[in-house]
1. Which helices (runs of 4 or more DSSP H) sit wholly inside region 191-300 and have at least 2 residues that are away from ligand 1 (no atom under 15 Å from the Cβ)?
2. Determine, yes or no, whether Gly64 is without any contact (Cβ under 8 Å) to a residue 60 or more places away in the chain and either closer than 26 Å to Val169 by Cβ or assigned by TED's automatic domain parsing to the domain that holds Arg371 (or both).
3. Out of the residues in region 294-315 that are buried (at least 18 other Cβ atoms within 10 Å of the Cβ) and of a type in the set (A, V, I, L, M, F, W, C), state the one that is farthest from ligand 2 (Cβ to nearest atom).
4. Kindly evaluate Val364 against the criterion of being touching a Leu at 6+ places or on another chain (Cβ under 7 Å) and either assigned to a helix (DSSP H, G or I) or free of Cβ contacts under 8 Å to residues at least 40 places away in the same chain (or both).
5. Please work out if Gly123 is within 13 Å of ligand 1 (Cβ to nearest atom) and in a strand (DSSP E or B).
6. Just name the residue that is farthest from ligand 1 (Cβ to nearest atom) out of those in region 69-114 that are closer than 19 Å to Glu213 by Cα and in a helix (DSSP H, G or I).
7. In the set Gly38, Gly104, Gly33, which member is of a type in the set (Gly, Ala, Ser) and at negative phi?
8. Of everything in region 107-117, what is buried (at least 20 other Cβ atoms within 10 Å of the Cβ) and away from ligand 2 (no atom under 16 Å from the Cβ)? Give them in sequence order.
Amino acid sequence: MRVLLVSPNREVSPDAVFPLGLAALAAVLESRGLTVKGTDLCFHPDWRAVLEQDLDSFRPDCIGLSIRNLDNVSYPRSIEYLPFIKEVVQVCRGRSSAPIVLGGAGFTLLPDRVLQYLAADYGIIGEGEQALVDLLARLFPGPPEKGAPFLNGSGPAGGALQRGAAVDVNRQPWPDRKLFDAVFYRKQGALANVQTKRGCPFTCIYCTYPLIEGRAVRVRQPAGVIGEIKKLVDQGLDYIFFVDNNFNFPVEQAGELCREIIRERLPIRWTAYVNPGFMTDSLGEVMKASGCGALEFGLDTASAAQLLRMGKNFSLDQIREAARICREREIPFCFSLLLGGPGETAATVEETLAEVEALRPTAVICMTGIRIFPGTRLAQISWEEGLLPDKWDPLGPVFYVAQAVRDSLEDRLRAFSENHPNWVFPGLGIDRFPGDTLKMHQLGFTGPLWTYLRPKKRKRGGATA
Ligand code: B12
Ligand code: SF4
């Protein structure tokens, strides 16, 4: 049986992202003896021709389409990706009668609406490894998976939606990166993505990550991660992005992995999302020694009251500690902010700006307004505040911006940005690398581009120059 796995993601900002989810599925399908081909639409100007050619020559029995991004979760400059993906589905329909199966992080957030909008045949919510095997066994019965249960009749489109089982992360084959030319991605500046765990147990009010990966944390054994990295290094892929929700939780396992990287003398640099609540001096030490080139902290806010209201599981003191640990070890670090959440006022915005500035991060990525997704506490709050229309269609992005700052936030941040060149405001179009991130990488900038930002120099007497 032939399965065509299509990655329609053409976004290259802030970086191009290698289709890791599809590579993971490919490895599983191949291990079951299926013939798999990957079609990547990211870099081809004539994507249509590439897709048509693969459909004609490969003649798939089934087409799997990965929907990573619905939109860029940025406000007010929102970009929606689904209209393009609809064109991709139409090209598939025009050239092939194979059933189309949807999956991916973006799909998982709004499965029934996306399935309906794209008029696809099936959709798998969450993890695809086992569920796709089960679906194929059901669609194309034959030994050994004959009769595997799939259609449970509960979703729309004839029960075509299925939640993928949380897989045992230590029993999966490593992603097959041959299918999508990981080396070419590297040349475009993409960092080699490696996942060391799945799941997040925390309860930040807006966050969708636990909806995508579940709340139970499933950590991979270091040996498997190290083996995967070695394979990447052999291909010249030596800058790793650990794509975990919180790389440093649980702290012990993060430390263990870093120590293994050191012990194996892996010649890599790496970056990750980290949580300020779990930074310790000893972890900072092994992070640095294992090649950590940059850390990104999902703060959201640096106002003590807002931290509580946003459901964050760390305190202002822990943020300060995390900044100190990075500064002392000269680890470039970035703070991500989400301003305008429930309870935000002009005063809490000022608290955050002042506090963050004082902690001297290498860079700040500041979002204004928070994309509302069903299933989150923020959606509930938005209902209660009457922000959502009666017939809310979550497909079109709606953003939460607290009433008290709705009219003032943008002007305040635009003024603030003038003296803060190392602060980026994607939703306001204030970005120090305007336009072409690919070109920046081709010019030799490696790693996250924010590591090249610099604060404004201070003049004597404290004024900025
Ligand atoms: C790490 C990360 C990043 C890193 C990636 C670094 C790198 N080099 O890989 C960076 C910082 C670059 C990034 C950027 C962006 N990201 Co991001 N990112 C993530 C994160 C945390 C992990 C993604 C990942 O690699 N997962 C691991 C792989 C193995 O899982 P997977 O791809 O989901 O695949 C599994 C399943 O989804 C499923 N599956 C996948 N495809 C298919 C296909 C079929 C047919 C089937 C059956 C199943 C299936 O099976 C796979 C295996 O189980 C997710 C959140 C999350 N927890 O998912 C957000 C997430 C994917 N990002 C998101 C967004 C929006 C973005 C940006 C647009 C943000 C921005 N404005 O810049 C950009 C887009 C970049 C781009 N070029 O596409 C959203 C997408 C959803 C949405 N709201 O639209 C997410 C879900 C976070 C969120 N806000 O909710 N991101
Ligand atoms: S923001 Fe981070 S810590 Fe909070 S729920 Fe999401 S992934 Fe977990």
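1. Counting at least 2 such residues, we get 222-234, 251-263, 281-289.
2. Details: without any contact (Cβ under 8 Å) to a residue 60 or more places away in the chain: no; either closer than 26 Å to Val169 by Cβ or assigned by TED's automatic domain parsing to the domain that holds Arg371 (or both): yes.
Criteria not met by Gly64.
3. Across region 294-315, the extreme among qualifying residues is Ala294.
4. On the way: touching a Leu at 6+ places or on another chain (Cβ under 7 Å): yes; either assigned to a helix (DSSP H, G or I) or free of Cβ contacts under 8 Å to residues at least 40 places away in the same chain (or both): no.
It is false that Val364 is touching a Leu at 6+ places or on another chain (Cβ under 7 Å) and either assigned to a helix (DSSP H, G or I) or free of Cβ contacts under 8 Å to residues at least 40 places away in the same chain (or both).
5. Details: within 13 Å of ligand 1 (Cβ to nearest atom): yes; in a strand (DSSP E or B): yes.
Spelling it out, Gly123 is indeed within 13 Å of ligand 1 (Cβ to nearest atom) and in a strand (DSSP E or B).
6. Asp112
7. Working: Gly104 fails: at negative phi; Gly33 fails: at negative phi.
Result: Gly38 is the single residue among Gly38, Gly104, Gly33 that is of a type in the set (Gly, Ala, Ser) and at negative phi.
8. Going through region 107-117, the residues buried (at least 20 other Cβ atoms within 10 Å of the Cβ) turn out to be 107-111, 114-115.
Answer for region 107-117, where residues must be buried (at least 20 other Cβ atoms within 10 Å of the Cβ) and away from ligand 2 (no atom under 16 Å from the Cβ): Phe107, Leu110, Pro111, Val114, Leu115.
The values are calculated or read from the model by the stated rules, or taken from the named source; none is laboratory data. None of these values were measured; they are calculated from a predicted model. Because the Cβ atoms are built from the backbone with ideal geometry, glycine has one as well, and the counts that use them run over all protein chains shown.
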